[in-house]
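The values are calculated or read from the model by the stated rules, or taken from the named source; none is laboratory data. Worth saying up front: this structure is predicted, and the values here are computed from it rather than measured. Note that each Cβ is placed from the backbone with ideal geometry, even for glycine, and that neighbours are counted across all protein chains shown.
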Amino acid sequence: MTPETIEALRTYGLAILLAPLAGAIIAGAFGSKLLRDRTHWVSLLGVAGAFAAAVALFVTMQSAPVDARSVVIPIYDWITSGTNSVFRFELLIDPLTSVMLLTVTGISTLVVIYSRDYMRHHGTPEKGYERFFAYLALFVFSMCVLVLGGNFILLYVGWELVGLCSYLLIGFYYGRPAAAAAAKKAFLVNRVGDFGFGLGILLIYLTFGTLEYGAVFDLVRQGVTDSGAAIPDGRVTAIALLLLCGACGKSAQLPLHVWLPDAMEGPSPVSALIHAATMVTAGIYMIARCGAIFTASPVAMTVVATIGAATALFAATIALVQTDMKRILAYSTISQLGYMFLAIGVYAADSAMFHLFTHAFFKALLFLGAGSIMHAMGGVIDVRYFGGLRKLLPYTFITFLIGSLALAGFPLLSGFFSKDEIIHHALSVHPILGVIGLITAVLTAFYTFRMVFLAFFGPTRVPEGAVAHEAGRWMLLPLFVLSAGAIGAGYLGVEVTGKGFHHFLEPVFEHTFIAAGALHGAGHASVAHGGFWAEYWLMVLSGGLAIVSMIVAYVFYVRAPWIPGLVKASAAGVHRTLWNKYFVDEAYSLVVVEPARRIGKICVALDDYLIDGIVWFVTAVPRALAYALRTTQSGVLQGYGFSMVAGAAVIVVLVLWR
């Protein structure tokens, strides 16, 4: 790259970071006093400015030679020791960074636009309007730090900032006990994963003596530590599994998935922001970025694939019986993230990023569509209390249907292409996990259209007191844009259009996932060179199964709505298990939460009685002396005179005694 190009990339990178940060600071500092109901403009300009810079960065990166599309740009040395930099604030810009930045800032811009009307009631800004937009901009800044950071320290800083912002946004309605509890749950569950993540970064430093991406990854490929000695057996696997702990927390994979469904207590734009393109994708990005570490450990890769497949199926089965639209979509998000983990675990990181990209469009569309329904139904989002909305909310219905078709894997929509790729790679590396992915695709189509038919078909019903109305222009515009993405984003990665998405990312993964995948029988070569008919028939199979599932959902919930009741009655135990999410929360409460509370009560008792008792005992002697001596301080002059004479007499006796 030329110095001019590097300087341009440096400018774009700083703009991506500083624009939303400035928006957050201005909204937070001046929103409540000066900006008030115009605060959204500050956040919108900041986030949209970051998106514009991300587009410019992407165009600049794409115009650079293929072998020069990765550059580390130092900004300043934060911590130095002598002439050496211990920690440097630096930006890593490559194709993976540019794709993530486009996705994050693009979806975030649409969410901020949507939020302008959503966070108003009858034209009046809701309480906390300024605070909400400050949090949104801060969230985008945090995610950009995570993505742009050129070393593990900056990755960790962004990682923790994202966790903090999610806590603030999920608990936005902090006056509601459920929202406050959900925010605490998200924060604490992520702390469990982040503890392992932090240990992984510490172990990286102890092993390699540096936290710079390039230096660490080069040493891993060479199989040596910073001293030149061979890496101890199992060390890379340990590092990968510790990093995976953090990914499971942020990306809501088993067993740390429990926070994400409860996060629905936040406003719907928050759900779209967290679940579509930002926080939950952080784990996927981190593993893809650390490909040199993960691909060096077949054990870690198998664990990643297994967790992904298990999570995808687990969450899909729970979504089959839920009635809250946002919770159905939350479990769908967990399931789709499982697909991405599965893809990475079978050495198809480019397919994982492709699914991350397409998923951002249709999942943001669905969450914002659910928010539009909730807005129209007076805050009600349970499909048991409304129906037949396609006539009352025609634009919401059309856009929601497009997002649902993409999520269900309907042929020729974006989700179909990216999901099919993952199943193809999984079948070629781990056939059992590939079959699980195929079964999950069938369940996904069914529960998605169960939700659609319950909400939009049948007799028209609205909650008591609700005045159903279509959303305003600020809310509809993002739905239309996201609908276009849900339809067309998948064509960026198909063979017909040259698989441009995958080729753009190839320089990032060619020495990690692609090279390691070739040794383990991954399907990259077959997809590209000789497996057209095999791929074609797999596409026909997965697409056909998706359509069959939609038809079954139509029969169950439109033509013969008595069937679900019959199934529920005949399999009451299974339904109860799925309704209660396999009782995982109850198990955690029994094994972790309640023992922790009991230990806490014991600690409080020890503090109140033992520690405070010791303190009381230690102070008892001076307090007793004080009690005895205070009688001498009566304020009577005769007594003070007697004390002076007695004291002088004692002094005279002591002097004469000597």
Among the residues of the stretch 387-404, are any surrounded by fewer than 24 Cβ atoms within 10 Å (Cβ to Cβ), among the small types (Gly, Ala, Ser) and under 17 Å from residue 323 (Cβ atoms)? yes
Here are some conditions: (1) out of contact with any Lys or Arg (no Cβ under 9 Å at 6 or more places or on another chain); (2) part of a helix (DSSP H, G or I); (3) of a type outside the set (Lys, Arg). Residue 87 meets all but one. Which one does it not meet? (2)
Condition set without any contact (Cβ under 8 Å) to a residue 40 or more places away in the chain and not charged (D, E, K, R), scope the stretch 125-157, selection farthest from residue 21 (Cα to Cα): answer is 157
With respect to the numbered conditions (1) of a type outside the set (Ser, Thr, Tyr); (2) in contact with a Gly (Cβ under 9 Å, 6 or more places away or on another chain); (3) at pLDDT below 95; (4) closer than 30 Å to residue 173 by Cα, which one is the sole condition not fulfilled by residue 125? (2)
Looking for something touching a helix residue (DSSP H, G or I) at 6+ places or on another chain (Cβ under 6 Å) and more than 21 Å from residue 504 (Cβ to Cβ) - is there at least one such residue anywhere in the stretch 48-69? yes
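Give the residue, chosen from 494, 481, that is closer than 16 Å to residue 414 by Cα and either exposed (fewer than 15 other Cβ atoms within 10 Å of the Cβ) or at pLDDT 95 or above (or both).
Numbers: 494 fails: either exposed (fewer than 15 other Cβ atoms within 10 Å of the Cβ) or at pLDDT 95 or above (or both).
Being closer than 16 Å to residue 414 by Cα and either exposed (fewer than 15 other Cβ atoms within 10 Å of the Cβ) or at pLDDT 95 or above (or both) holds for just one of 494, 481, which is 481.
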Name every residue in the stretch 55-89 that is closer than 20 Å to residue 213 by Cα, modelled with pLDDT of 80 or more and in contact with a Ser or Thr (Cβ under 7 Å, 6 or more places away or on another chain), in order of residue number. 61, 77
Any residue at all in the stretch 238-255 that is at pLDDT below 95, outside any helix (DSSP H, G or I), surrounded by fewer than 21 Cβ atoms within 10 Å (Cβ to Cβ) and among the hydrophobic types (A, V, I, L, M, F, W, C)? yes
Taking the stretch 297-326 and keeping only residues that are buried (at least 22 other Cβ atoms within 10 Å of the Cβ) and not in a helix (DSSP H, G or I), one is left with 322
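Out of curiosity, is residue 281 of a type in the set (Val, Ile, Thr), free of Cβ contacts under 8 Å to residues at least 40 places away in the same chain and either in a helix (DSSP H, G or I) or surrounded by fewer than 18 Cβ atoms within 10 Å (Cβ to Cβ) (or both)?
Working: of a type in the set (Val, Ile, Thr): yes; free of Cβ contacts under 8 Å to residues at least 40 places away in the same chain: no; either in a helix (DSSP H, G or I) or surrounded by fewer than 18 Cβ atoms within 10 Å (Cβ to Cβ) (or both): yes.
No; evaluated as a whole, the condition is false for this residue.
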If the requirement is being in the same structural domain as residue 90 (by TED's automatic domain parsing), farther than 30 Å from residue 126 by Cβ, part of a helix (DSSP H, G or I) and among the hydrophobic types (A, V, I, L, M, F, W, C), which of these qualifies: 55, 42? 55
State which residue is farthest from residue 352 (Cα to Cα) when the search covers only the stretch 428-470 and only residues that are small (Gly, Ala, Ser) and surrounded by fewer than 24 Cβ atoms within 10 Å (Cβ to Cβ). 465
Regarding the stretch 121-131, can at least one residue be identified that is buried (at least 24 other Cβ atoms within 10 Å of the Cβ) and within 24 Å of residue 480 (Cα to Cα)? no
For the stretch 154-200, name all the residues that are of a type in the set (Ser, Thr, Tyr) and surrounded by fewer than 16 Cβ atoms within 10 Å (Cβ to Cβ). 174
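Between 596, 649, which is among the small types (Gly, Ala, Ser), assigned to a helix (DSSP H, G or I) and within 30 Å of residue 185 (Cβ to Cβ)?
Working: 649 fails: within 30 Å of residue 185 (Cβ to Cβ).
One residue alone meets the criteria, 596.
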Residue 214 meets each of (1) surrounded by fewer than 16 Cβ atoms within 10 Å (Cβ to Cβ); (2) over 16 Å from the mean Cα position of the chain (by Cα); (3) more than 30 Å from residue 72 (Cβ to Cβ) with one exception, condition (3)
Residue pairs, Cβ under 6 Å, 6 or more apart or interchain, first in the stretch 184-200 and closer than 20 Å to residue 281 by Cβ, second assigned to a helix (DSSP H, G or I) and aromatic (Phe, Trp, Tyr). List them. 186/259; 187/167; 189/259
Mind checking whether some residue in the stretch 597-609 is surrounded by 10 or more Cβ atoms within 10 Å (Cβ to Cβ), closer than 30 Å to residue 331 by Cα and without any contact (Cβ under 8 Å) to a residue 24 or more places away in the chain? yes
